[in-house]
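Just below is one structure, and these are the notes that go with it.
The values are calculated or read from the model by the stated rules, or taken from the named source; none is laboratory data. A quick note: this is a predicted structure, and the numbers were derived from the prediction, not measured. A quick note on method: Cβ atoms are made from the backbone with ideal geometry, for glycine too, and the neighbour counts reach across all protein chains shown. The protein model used for the area step is the full one, side chains on, heavy atoms only, and it has no ligands, DNA or RNA in it. Shrake-Rupley method; radii C 1.70, N 1.55, O 1.52, S 1.80 Å.
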Amino acid sequence: MINLEHKQIILGSQSPRRSQLLKELGLEFEVIVRETDEVVDSKLKARDVVCAIAQKKAEAFGNDFIDAWVITADTIVVTSGQDILGKPKSRNEAFQVLKMMSGNIHEVITAVCILNNEKLTTFSESTEVEFYPLSDEEITYYIDKYEPYDKAGSYGIQEWIGRIGIKSIKGEYTNVVGLPTARLYQELKKLI
């Protein structure tokens, strides 16, 4: 276990899933979120987009917490055609996204940025997820019951749809939830 008792840790994310995952690492932290725009160059590749957004979130803290470790993250879902799927804006969009991913493979990329003493450490993790074919009724049930409007790709793997619809996963499970905890732990060890 890494010893971070002497360090103030700030999670720069409102995501309850990221908070839960960080708690499960045994870290004590506080949640502080700074407003940032998530606009980046549309010509960037998917991995560069998510890294740029995670960095913008960290840079929004500026010099306010010099001695703290600020952890920010961003997650995107990428189709086989390299389209980036963000959070759905409507019920219909969520349905269309899940219908498109049904029976197919997609990639989930999470970028994490650690800001400490004005130094940024950024990394990204990728996980390949394959869905079984989903019926319209299953998709509708999931959307109506779980309202996945705050989730990239219109789903949460830790929810019902993940229990009934995931055929295979290649990579870190927690990355799909929103924070690659094993990789984060390894990166924190390097920084101590």
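Points worth noting:
- Scattering profile of segment 86-192 at q = 0.16, 0.23, 0.24 Å⁻¹ [log10 I(q)/I(0), Debye over alpha-carbon scatterers]: -0.71, -1.19, -1.27
- Peptide ranges 36-44, 162-170 listed from the most packed, as the mean C-beta count within 10 angstrom indicates: 162-170, 36-44
- Over segment 54-120, relative contact order from alpha-carbon pairs under 8 Å, at least 6 apart, %: 51 percent
- Residues of the chain: accessible area per residue with a 1.4 Å probe, Å²: 51 Å²
- Seen through its C-alpha gyration tensor, with square-root eigenvalues sorted a ≥ b ≥ c, the chain comes out prolate because a/c lies at 1.5 or above while a/b is bigger than b/c.
- The residue among 61, 97, 20 whose Cα reaches farthest toward the positive pole of the charge dipole of segment 1-103, with charges on the beta-carbon of Lys, Arg, Asp and Glu, is 97.
- The chain, relative contact order in percent, only Cα pairs under 8 angstrom and at least six apart counted: 22 percent
- 222 nm mean residue ellipticity, helices alone, for the chain (DSSP H n ≥ 4; -39,500 (n - 2.57); rounded to 500): -10000 deg cm²/dmol
- Heavy-atom accessible surface of the chain: percent carbon and sulfur, 1.4 Å: 47 percent
- When you count the other C-beta atoms within 10 angstrom of each residue and take the mean per peptide, 123-132, 137-146 line up highest first as 123-132, 137-146.
- Dipole check for segment 43-187: with +1 at the C-beta of Lys and Arg, -1 at the C-beta of Asp and Glu, and the Cα centre as origin, the magnitude is about 220 Debye.
- Spacing of the modelled spin labels on residue 170 and residue 82, each 7 Å from Cα toward Cβ, amounts to 1.9 nm.
- Magnitude of the charge dipole, segment 79-125, Cβ model with Lys/Arg +1 and Asp/Glu -1, debye to 20: 240 debye
- Residue list for segment 50-71, given a label point 7 angstrom along the Cα-to-Cβ vector of residue 31 and an amide N cut-off under 16 Å: 71
- Net +/- balance of residues flanking residue 91 in space, Cβ distance below 11 Å, scoring K and R +1, D and E -1: -2
- Note on residue 185 and residue 159: the extension gain reaches 6.9 nm, defined as 0.36 nm multiplied by sequence separation minus the Cα-Cα distance.
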